[in-house]
1. List the residues whose amide H sits under 5 Å from the amide H of residue 155, counting only those 5 or more places along or on another chain, with H placed 1.01 Å from N in the peptide plane.
2. Please name whichever of 389, 347, 410 sits farthest to the positive end of the charge dipole of region 270-418, dipole taken about the Cα centre and charges placed at Cβ: Lys and Arg +1, Asp and Glu -1.
3. Could you compute Rg(Cα) / (2.2 N^0.38 Å) for the chain, with N its residue count?
4. Averaging sequence separations of C-alpha pairs under 8 Å and six or more residues apart, then dividing by the length of the chain, give the relative contact order as a whole percent.
5. Give, rounded to the nearest 20 debye, the magnitude of the charge dipole that the chain has about its Cα centre when Lys and Arg contribute +1 at Cβ and Asp and Glu contribute -1 at Cβ.
6. I'd like the projected area of region 169-245, averaged over all directions, using the convex hull of its alpha carbons. Report it in nm² with one decimal.
7. Taking amide H atoms as placed 1.01 Å from N in the peptide plane, list the residues 5 or more away in sequence, or in a different chain, whose amide H sits under 5 Å from that of residue 227.
8. Place a +1 charge on the Cβ of each Lys and Arg in region 174-213 and a -1 charge on the Cβ of each Asp and Glu, then give the dipole magnitude about the Cα centre in debye, rounded to the nearest 20.
Amino acid sequence: MLSSRFLRCTTPRRLFSTAINAVSAEGGSLFSPSEEHAGLREMVRSFAETEVEPQALEHNRTETFNIPLFRKLGDLGLLGVTVPEEYGGSGMDATACVITMEELSAVDPAFCLSYLAHSCLFLNNLNQNGSHEQKMKYSPSACDGSLIGGMCMSEPGAGTDVMGMSTTAVEKGDDYVINGQKMWITNGTVDGINTGDAFLVYARTGEKRSDVSMFIVEKDMPGFSLGQKIENKLGMRASMTAELVFEDVVVNKSQMVGEKNGAAICMMRNLEIERVALAAMSSGIARRCIEEMAKYSSTRMAFGKPIGEFGQIQKMIAESYAEYMASKSYIYNTSNNLDLSSAGNVMDSDGVKLFAGKMAKDVADRAIQTLGGNGYTGEYRVEQLWRDSKLLEIGGGTNESHHKNMTKWFGKAGTTLP
C-alpha cells in the first residue's frame, strides 16, 4: 500500500514555472489525471528532494548503489507501484510509473535507473506474465525492498538483435538447465561482489528464432554468478551494471514464467512500459537542467548584468522549455492511454522514447553551455545529468531500433495518422 503521506504531502516544491509545476489537489490535468496521481507526484518529489538529492553526487563519485535509500522506496509503496495490492503493491497504472520515474530522475537519474530495473523490468513483468504462485512468492518481498530484482535480456553478442540471443535453457526431466551470459544487467550486482537477489532471465528453448522462454533465477543458485561489474561508465554510475554468467544452472519448471516458447510477447509487452518510463527519465533530466539554467542565468553577472538578459542565453532556455513541454505532453498522452496488460503499442512507446531521449541530451548540453566552466564541473549537477542522458538514446532500445520499429509499423497499419 502507498504511504499515508500519499495524498497529504505539502512540502514546497522547486518552481520555475507555474504552468509546469502547479498541480491541482483534485488532479485532472494531463500530467496528473487524478487526485491520486497528484498526491503521488507531491510525495515522490518531496522524497526525492529531501532524501535522494543529498546523496546523489557522492554515490556518483564512488559508483555505488544506495541500498538503504532504495529500500525506503518500499516503505512508501513505490517499488510495486503497478503491482496489485494483493501481491504487496500499490495497484496503480502506467502514468503512476511515469510520475515516479520523472520525479526521481530530476535529482538522481542513476538511482532512478536501478528503480526502473526493479519496479518495471522485474516486478511489473512478473505481475503481468507470472502465475499467482510466482507472484505470491516473489512480489511481496520485492515490493518492500527486501528482495532486489532485475531482468536479463541483452547478451555480449545480442543487444538490439535481442531475438538473436544464444543463452539456452534445455529441458531435463522436471527442470531446465540454463547456459549462457547476459550483459549490461542493471542491478546485476548491488555491491560489486554479489548478484542481485532474483532475475527474470530470457533463454532460447527451441529451434525457431521466436522460441524464447522466461525463467526466474535466484541469487546463489549453483552455476549462477557475477561475471564482472561494469566499471567506468560514462554515466548512470550510481546504478550498478554487470555481466551475469549461467553455467549449468538448474531451475525447476515451476520457475518458468508463462508458456514454453511464449516469452517473446512478454518481452515486447514489458519493453513498451520500459520505453515510456525511460522517456519519463528524460523529462526529469530536462526539467532539472532548465531549472538550473534559469537559476544560474538570473544570478551570474557579465558585462554588468545577469547573463539571462542576453539573447544567446534566452534562446537556449526558451528552446529547452518548449522542447521539454512538447516531450512531456507526448509522454503523458502515451502513458495515460497505455494498458499495462496490452501489447502492440510500439509506435508511441518507441516514438516517445526516441523524441524524449534526444530532447534531454540537447537540453543538458545547453545547460552546460549556459553555466560555462561551472557547468563542466560535477558540483553544479548539469555535468552529471548530461552524462546520464546519453544512456537514454541507447538503453531499452537504441534510437536506430526505434527508427526500424516505427517505420515497420507503417507497413502494418498504413499511413493514415490521428
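1. Counting only residues 5 or more places away or on other chains, the set is 183.
2. 389
3. 0.97
4. Answer for the chain is 15 percent.
5. In debye, rounded to 20, the chain gives about 940.
6. Mean shadow area of the hull around the Cα atoms is 5.9 nm².
7. It is 243, 244, 245, by chain and number.
8. The dipole magnitude comes to about 280 debye.
The values are calculated or read from the model by the stated rules, or taken from the named source; none is laboratory data. It should be emphasised that the depicted structure is a prediction, and the values quoted were computed from it without experimental measurement. Glycine gets a Cβ as well: all are built from the backbone with ideal geometry, and neighbour counts include every protein chain shown. Quick note on the areas: whole protein, heavy atoms, side chains included, nothing else; ligands and nucleic acids left out. Shrake-Rupley method; radii C 1.70, N 1.55, O 1.52, S 1.80 Å.
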